[in-house]
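Notes follow once the structure below has been shown.
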Amino acid sequence: MSSEKIVTLFDTTEHARAAERNLIKAGFDEGDISIIESHHIREHETGNKGTSIWKRLFGNRVEEEHAQIFSEAVCTDGAVLSMKVKEEQQAAALTILNRHQTVDISSRLPAGQPQTGSISPVANEETTRPWLTGDESEAEILRLAREELDVGKQLVREGSTRIRRYVTEEDVSENVKLREQHAEIFRHKADGRSVDAGDVDWSEKEVVVEEFSEKPVINKTVHIAEEVQVKKVNTEHDETVTGTVREQHIDVERRREDGKTGITPKK
């Protein structure tokens, strides 16, 4: 049973790795697939002076022009994917490879240079097809996001109420009646009648009369005039909160062969 070696060129190693993943997922043997990157060329040149890595891998069947294109692409972050396939698997392998951004080698040959050799470079039949992710069995998913307003509550210090007790003074007056006791001397004429000398008390004598007066005495009494109670109370009020939320939508654009397009907005 005959087999064929397919060589494809990619401008980035990432594209080559994606193609490799799809080939393995489709059932191709991983051991039949190899990817040559720039570090492979450097390693080869270190130990094999004067021998092209492409001729060493593929023999003299590789044209010099092809080898030059391979080297230039690989040295600028490109990669070459080569694989050995059975004749009946060739079409399936080419179908998978053509779904990636392979390089059309013939377009990079010098003008007028024919494409020769038995190695089969893959033509880039779908040059406008984007590179796939490396897992063709899963659908591509666009996630559409929508923002929602989530209103919470936060306790914020608005200020404080300070209640201070202090003392003031005020002059007040009160009327009060005060009494006084004084000695008053009243003299009046006697009736002039005669008395015996023995009936007269000739001793010295004094009479002391104590005098009193009331003086105002200030005394203070304290009465509870008012009670001030301080406590926290909770009140509620309704407030409308507004905000701007974002939502993603998609437009589906279908292109027809006649050039007409139709855009269907989707939520």
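The values are calculated or read from the model by the stated rules, or taken from the named source; none is laboratory data. These numbers come from a predicted model, not from an experiment. FYI the Cβ positions are ideal-geometry reconstructions off the backbone, even for glycines, and counts take in every protein chain you see.
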Output the qualifying pairs, or none if there are none: Cβ atoms under 8 angstrom, residues six or more apart or on different chains, first residue in the range 235-256 and touching a residue at least 12 places away in the same chain (Cβ under 8 Å), second residue β-branched (Val, Ile, Thr).
-> VAL241/VAL151; ASP251/ILE263; ASP251/THR264; VAL252/ILE263; VAL252/THR264
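To keep it simple, each residue is scored yes or no on (1) of a type in the set (A, V, I, L, M); (2) modelled with pLDDT of 85 or more; (3) surrounded by 12 or more Cβ atoms within 10 Å (Cβ to Cβ).
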| site | (1), (2), (3) |
| --- | --- |
| ALA16 | yes, yes, yes |
| LEU23 | yes, yes, yes |
| SER34 | no, yes, yes |
| THR46 | no, no, no |
| ASN60 | no, no, no |
| ALA73 | yes, no, yes |
| MET83 | yes, yes, yes |
| GLY117 | no, no, yes |
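For the range 204-225, which residues satisfy the criterion of being over 21 Å from ILE185 (Cα atoms) and either outside any loop (DSSP other than H, G, I, E, B) or of a type in the set (Ser, Thr, Tyr) (or both)?
Residues of the range 204-225 that are over 21 Å from ILE185 (Cα atoms), as a first pass: 214-225.
Within the range 204-225, just THR221 meets the criteria.
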Test: ASP191 is assigned to a loop (DSSP other than H, G, I, E, B), under 60 Å from the mean Cα position of the chain (by Cα) and either touching a residue at least 24 places away in the same chain (Cβ under 8 Å) or loosely packed, with under 10 Cβ neighbours inside 10 Å (or both) = no
Among the residues of the range 205-259, which ones are surrounded by 10 or more Cβ atoms within 10 Å (Cβ to Cβ) and under 42 Å from the mean Cα position of the chain (by Cα)?
-> GLU247, GLN248, ILE250
Restricting the first residue to the range 4-30 and requiring it to be without any contact (Cβ under 8 Å) to a residue 12 or more places away in the chain and within 13 Å of ARG99 (Cα to Cα), which pairs with a second residue that is surrounded by 15 or more Cβ atoms within 10 Å (Cβ to Cβ) and basic (Lys, Arg) meet a Cβ separation below 8 Å and a spacing of at least six or different chains?
-> none
Going through the range 165-189 in order, the residues found to be among the basic types (Lys, Arg) and at pLDDT below 90 are ARG187, LYS189
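Applying the selection to the range 232-245, what residues are charged (D, E, K, R) and more than 17 Å from GLU158 (Cβ to Cβ)? If you could, list the steps in order and put the result at the bottom.
Initial filter on the range 232-245 (charged (D, E, K, R)): 232, 236, 238-239.
Once the filter is applied, which keeps residues that are charged (D, E, K, R) and more than 17 Å from GLU158 (Cβ to Cβ), the range 232-245 yields only ASP238.
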